[in-house]
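Just so it is clear, none of the values below were taken in a lab; they were calculated from the coordinates. Note that the structure is predicted; figures quoted are calculated from it, not measured. Here the Cβ positions follow ideal geometry from the backbone for every residue, glycine too, while neighbour counts run over all protein chains shown.
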Amino acid sequence: MRSLLHFNLPTQINPCSNICFDTLKDTPYITVNTFQELEEVSISSLEEDLKKKLFSIGPILPQWYFDDVGRHYEHETKKRAIASLWEEDYTCLEWLDEQIDKSVLYVSFGSLTILTCEQIIEIALGLEMSLNPILWVIRPNLMTEKKPIAFPDGYLERMKGRSCFVPWAPQKQVLTHRAIGGFLTHCG
């Protein structure tokens with residue numbers, strides 16, 4: 001299983017993954033909360049390494065997650081917690097309301113992706129060069145280094161007025177917002 005664990009998954013979860021995979025050795029098959037077309041290479045690699053059939057049965061989300069797109073469930077904290085690993089920052093929706101239709105690039109690397117400081121700087125400079133308004137989800141633990149994210153000198157000043165940075169976003173509402181024109185993600 002070395003090929004999958006060392007090349008496809010973040011190193012921060014390898015010990016957990018090994019424990020999880022070890023517990024699966026006696027099962028006849030495995031169900032996975034994804035769909036084949038999205039993660040075909042990873043699913044095939046897992047099937048080969050584990051010598052087991054994987055059934056893609058997802059994405060599995062509760063029906064309420066798809067109801068009332070764009071509605072802010074202020075009084076339904078429990079519902080939000082089920083579908084999100086982090087507390088969602090709804091201020092970005094107000095910022096999106098002020099933007100032109102299909103003009104904003106939404107940037108989010110999910111809940112597990114870890115980047116180096118150099119990678120974040122390169123992404124930041126690329127986003128700046130795009131000249132698009134940017135909504136960027138920057139989790140507190142996005143970097144491998146255990147320090148605050150340091151953008152290039154003057155970056156935040158240059159991006160002022162056309163950027164919104166949040167620690168986590170209500171992704172369903174963001175992706176269905178009229179102002180979103182693109183989505184830069186880790187595809188995980």
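So if R0 is 30 Å, what FRET efficiency would T176 and I57 give, r being the distance between their Cβ atoms, rounded to the nearest 0.05?
0.80
Tell me, W168, W86 in order of fewest to most beta-carbon neighbours within 10 Å?
Ascending Cβ contact count within 10 Å gives the list W86, W168.
As an exercise, use a Förster radius of 45 Å and the Cβ-Cβ distance of E47 and R158 to find the FRET efficiency, rounded to the nearest 0.05.
Efficiency, from the Cβ-Cβ distance: 0.45.
Give me the percent of DSSP beta bridges within the range 83-185 that run antiparallel, rounded to the nearest 5.
Counting only bridges with both partners in the range 83-185, antiparallel ones make up about 0 percent.
Each label point is 7 Å from the Cα along the Cα-to-Cβ direction; what then is the distance between the points at I100 and L184, in nm?
So the two model labels end up 1.9 nm from each other.
Starting from the exponent 0.38 and prefactor 2.2 Å, build the expected Rg for the range 83-185 from its residue count and divide its actual Cα Rg by it.
That ratio works out to 1.02.
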